[in-house]
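S.K.: One structure coming up, written as structure tokens, with questions to follow.
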Amino acid sequence: MTQPTRLPAWNALQAHKAEIAGLHMRDLFKEDPERYSRFSIHWDEFVFDYSKNRITPRTVDLLLQLARQAELAPRIEGMFRGDKINVTEERAVLHVALRNRSNRPICVDGVDVMPAVNRVLERMARFTAAVRSGEWRGYTGKAITDIVNIGIGGSDLGPRTVVEALKPYGSDKLRAHFVSNVDDADLIETVKHLSPETTLFCVASKTFATQETMTNGLSARAWLLDHARDDAAVAKHFVAVSTNAERVAAFGIDVANMFEFWDWVGGRYSLWSAIGLPIALAVGMDRFEELLEGAHQVDEHFRTTPFERNIPVLMGLLGIWYNNFFDAQTYAILPYDQYLEYLPTYLQQGDMESNGKTIDINGQPVAYPTGPVIFGQPGTNGQHAFYQLIHQGSELIPCDFIAAAQGHHSLGRHHEILIANFLAQPEALMRGKTYDEALAELRASGVDENDLAKPAAAKTFPGNKPTNTILYRKLTPRVLGSLIALYEHKIFTQGAIWNINSFDQMGVELGKQLAQTILAELSNDEPASSHDSSTNGLINAYKHLRQK
Ligand code: F6P
């Protein structure tokens, strides 16, 4: 496992970057009428178009060489085989087992995990059916109408993203809500319209030790007991999803109401496990299984397709091309699909918590950029906010444009307008507008010849901005499962080439430790003096202001 910068393909890519730096995609399209068919893949219900990238066939060839020299293939095999590729925590990384619809045995420490995976899926199916049919009743005998998932990070964003995305498959009879922030406003605003008699809380935490989730869980329990005035109500209104039965019991939730998952499921890869319970409750177990099926199809694609036709591998390599050879430090995820509102936030955790590392798997500092900043929001909103910088700013921001050919509704021309924008933005980013084109436009609109220069300069778009376009038939559970899995394996591909462990998250620990120290200090009115002057000053200012 060598540092990628020592691989021959890395040096070749650096030289190649210098050669192609002056090429404009506008010209590449003119010169090659086959560019779209050369650089796009039709797979299942997806089209992946990567032709609007700053690449030539030679670039792709070199990137594929990089993947081979970085031993990507054996690393993929290692993940699917259950090797402990999360080296710092000595854990296997097997979210792929959670959606292994083929049931092919996958072993951890010599034990096939599939029977346990299937057992939990069966329990989820029984529980989901009981709640959805109204057979499961609250403490006054009424059916459940609202589920509140209490979790944070991976125990929130995955189910939240999917429940939102699959809203058209939900029902008003059973609504799902999500509470994550320890700010009490989150819980209070969520439960204020709910009835304790018909609300089911799902406390979701891999560790069952996360401060925010435990705090929200205890307050939710108090809210219920305030009304029910009987501890026996807890069993009817609280279920837990965790890997830690002891802590679940200590919290006061009967382990009979606990849905298990395992340490080989990373938090940000956990929506396929029992962490997906709110999804199954909201849309039904059949739909949840369709989601798993869609992800499984991508797993098979990733595992078996030659790299030159392998969508997540290409997505990963293109990301590396810009990150490491063009100094791009950000990446935009732009779904033109309102139902994918939370996808950018979900992928922010998925990507940034996975690949925001500067120590490699051998414990050595890396000498090259790793994970970029991920941001985005649904189109067309972003067009009226931050796209200015993508078009004309000084940063190079590669973008993924994502949309459905068929919407779930057919209100007027909304969908066509949406798609026209979805197609126009990558075209504009690729083509740009030359100074001469801007001049001609201004002349045509009657601007005086002496006043043309300044506005023409401002109206010039450099273009040559890279984008991928992902088009799918319709946002069904299956398609959604595939879409998310494509990104998971893109992240894997990049982490493997950067030679980092994409599956721990040590960087979140320090702030948590310091918050414990500060929390203890906030419980008295003594002036703080043990920190730096800024932190002391702020603690003392807070203590002063809270009294006013
Ligand atoms: O603090 C980060 C983190 O550990 C994430 O990786 C994880 O998804 C989240 O917190 C929640 O953790 P848990 O599911 O254990 O409550």
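The values are calculated or read from the model by the stated rules, or taken from the named source; none is laboratory data. The structure displayed is predicted, hence computed values, not measured ones. Reconstructed Cβ throughout: ideal geometry from the backbone, glycine too, with neighbour counts over all protein chains shown. Each accessible area value is taken on the protein alone, full model and side chains, heavy atoms only, with ligands, DNA and RNA left out. Shrake-Rupley method; radii C 1.70, N 1.55, O 1.52, S 1.80 Å.
S.K.: Let me have the 222 nm mean residue ellipticity of the chain computed from DSSP H runs of 4+ only, each contributing -39500 (n - 2.57), with the sum over all residues rounded to the nearest 500.
M.R.: Values: 23 runs with 267 residues, N = 548.
So the helix-based figure for the chain works out to -15000 deg cm²/dmol.
S.K.: Within the accessible area of region 254-328, what % is carbon and sulfur when the probe is 1.4 Å and the other protein chains stay in place? Each step should come with its number before you reach the end.
M.R.: On the way: 750 of 1840 Å².
Carbon with sulfur: 41 percent of the solvent-accessible area.
S.K.: Which trypsin sites (Lys or Arg not before Pro) in region 115-201 sit in a loop by DSSP (not H, G, I, E or B) and have at most 11 other Cβ atoms within 10 Å of their own Cβ? Write down the numbers at each step before the final one.
M.R.: Values: sites: 119, 123, 126, 132, 137, 142, 160, 173, 175, 192; in loops: 142, 173, 192.
Those satisfying the criteria are 173, 192.
S.K.: Related question: For the chain, take the longest principal axis of its alpha carbons; what is the angle in degrees between that and the long axis of helix 285-304, to the nearest 10 within 0 to 90?
M.R.: With both axes taken from Cα atoms, the answer is about 40 degrees.
S.K.: So how far, in whole Å, is the C-alpha centre of region 471-547 from the one of region 89-120?
M.R.: For region 471-547 versus region 89-120, the Cα centre distance is 28 Å.
S.K.: Indicate the gyration tensor shape class of region 1-126 (rounded, prolate or oblate), computed on the Cα atoms with a ≥ b ≥ c the square roots of the eigenvalues: a/c under 1.5 is rounded; otherwise a/b larger than b/c is prolate and the rest oblate. It would help to have the intermediate numbers written out before the result.
M.R.: Numbers: a/c = 4.12, a/b = 1.81, b/c = 2.28.
Judged from the Cα gyration tensor, region 1-126 comes out oblate (a/c at least 1.5, b/c at or above a/b).
S.K.: With everything on Cα atoms, drop me the angle between helix 477-498 and the longest principal axis of the chain, reported from 0 to 90° to the nearest 10.
M.R.: 70 degrees
S.K.: Considering only 94, 4, 450, whose Cα is most displaced toward the positive end of the charge dipole of the chain, charges sitting on Cβ of Lys, Arg (+1) and Asp, Glu (-1)?
M.R.: Looking along the dipole axis, the top candidate is 94.
S.K.: How large is ³J(HN,Hα), in whole Hz, for each residue of region 343-355 in order, when computed from phi with the Karplus curve 6.51 cos²θ - 1.76 cosθ + 1.60 and θ = phi - 60°, using x for Gly and Pro?
M.R.: For region 343-355, the Karplus-derived couplings read 4, x, 5, 4, 6, 4, 5, x, 7, 6, 6, 7, 10 Hz, x marking Gly and Pro.
S.K.: Under 8 Å for C-alpha pairs, at least 6 residues apart: give me the relative contact order for region 155-284, rounded to a whole percent. Numbers along the way, then the final one.
M.R.: Numbers: 164 pairs, mean separation 43.4, N = 130.
Answer for region 155-284 is 33 percent.
S.K.: Residues of region 441-485 with backbone nitrogen within less than 18 Å of a virtual label 7 Å along the Cα-to-Cβ line of residue 423, please, listed as ranges.
M.R.: 467-474
S.K.: Here's a follow-up. Could you do me a favour and compute the accessible area per residue for region 1-143, 1.4 Å probe, result in Å²?
M.R.: Details: 6950 Å² over 143 residues.
Spelled out: the 1.4 Å probe surface of region 1-143, per residue, equals 49 Å².
S.K.: I'd like the distance separating the alpha-carbon centroids of region 230-272 and region 274-337, in whole Å.
M.R.: Taking the Cα centre of region 274-337 as reference, the centre of region 230-272 is 27 Å away.
S.K.: Please compute one quarter of the surface area of the Cα convex hull for region 175-321 and express it in square nanometres.
M.R.: Values: hull surface 44.7 nm².
Convex hull of Cα atoms, orientation-averaged projection: 11.2 nm².
S.K.: Give the angle, between 0 and 90 degrees and rounded to the nearest 10, that separates the Cα long axis of helix 211-228 from the longest principal axis of the Cα atoms of the chain.
M.R.: Tilt relative to the chain: about 40 degrees.
S.K.: Among all the aspartates and glutamates, which ones have a C-alpha under 19 Å from residue 357's C-alpha, if same-chain residues fewer than 8 places away are not counted?
M.R.: 89, 90, 327, 488, 504, 509
S.K.: Just the number, please: carbon plus sulfur as a percent of the accessible area of region 373-433, 1.4 Å probe, no ligands or DNA/RNA counted.
M.R.: After summing per-atom areas, the C and S share lands at 55 percent.
S.K.: State which stretch of the chain is the longest one without any exposed GluC sites (Glu not before Pro), exposure meaning a DSSP loop state and at most 12 other Cβ atoms within 10 Å. Intermediate results must be reported in sequence, preceding the final value.
M.R.: Details: sites that count: 34, 90, 135, 395.
The segment 136-394 is the longest one with no such site.
S.K.: Using 0.36 nm per residue, how much length does the chain from residue 218 to residue 84 gain when fully extended, once their Cα-Cα distance is taken away? All intermediate terms of the calculation are to be shown ahead of the outcome.
M.R.: On the way: separation 134, 0.36 × 134 = 48.24 nm, distance 3.49 nm.
Net length gain for the segment: 44.8 nm.
S.K.: Once both labels are modelled 7 Å past Cα along the beta-carbon direction, what's the residue 188-residue 249 spacing in nm?
M.R.: 3.6 nm
S.K.: Right, something else. Give me, ordered by chain and number, the residues 5 or more places off residue 408 or on other chains with an amide H under 5 Å from its own placed amide H.
M.R.: none
S.K.: Rg/Rh for region 105-217 to two decimals, with Rh computed the Kirkwood way over all alpha-carbon pairs. Please list the in-between numbers first.
M.R.: Working: Rg = 16.0 Å, Rh = 15.7 Å.
Taking Rh as the inverse mean 1/r over Cα pairs, Rg/Rh reads 1.02.
S.K.: Also, I was wondering about something else. For residue 37 and residue 61, what does the FRET efficiency come to when R0 = 30 Å and r is the distance between their Cβ atoms, rounded to the nearest 0.05?
M.R.: Values: r = 17 Å, r/R0 = 0.58.
Once rounded, the FRET efficiency stands at 0.95.
S.K.: How large is the direction-averaged shadow of the alpha-carbon convex hull of the chain, in nm²?
M.R.: Values: hull surface 124.0 nm².
Orientation-averaged projected area of the Cα hull: 31.0 nm².
S.K.: Right, something else. Provide the per-residue ³J(HN,Hα) series for region 43-51, in order, calculated from phi with Karplus coefficients 6.51, -1.76, 1.60 and θ = phi - 60°, each as a whole number of Hz, with x at glycine and proline positions.
M.R.: Once θ is set to phi - 60°, the couplings for region 43-51 become 9, 6, 9, 10, 10, 10, 9, 10, 6 Hz.
S.K.: If you keep only loop residues by DSSP, which chymotrypsin sites (Phe, Trp or Tyr not before Pro) in region 266-352 have at most 16 other Cβ atoms within 10 Å of their Cβ?
M.R.: Values: sites: 269, 272, 288, 302, 307, 321, 322, 325, 326, 331, 336, 339, 342, 346; in loops: 272, 326, 342.
Those satisfying the criteria are 326.
S.K.: Can you work out the FRET efficiency for the pair residue 517 and residue 386, with r the C-beta to C-beta distance and R0 = 41 Å, to the nearest 0.05? All intermediate terms of the calculation are to be shown ahead of the outcome.
M.R.: On the way: r = 37 Å, r/R0 = 0.90.
Approximately 0.65, to the nearest 0.05.
S.K.: Next question. Averaging sequence separations of C-alpha pairs under 8 Å and six or more residues apart, then dividing by the length of the chain, give the relative contact order as a whole percent. Let's see the in-between values first.
M.R.: Details: 896 pairs, mean separation 100.0, N = 548.
Contact order relative to length: 18 percent.
S.K.: Can you list the residues, at least 5 places off or on another chain, whose amide H is less than 5 Å from the amide H of residue 178, using H built in the peptide plane?
M.R.: Placed amide hydrogens put 149 under 5 Å from residue 178.
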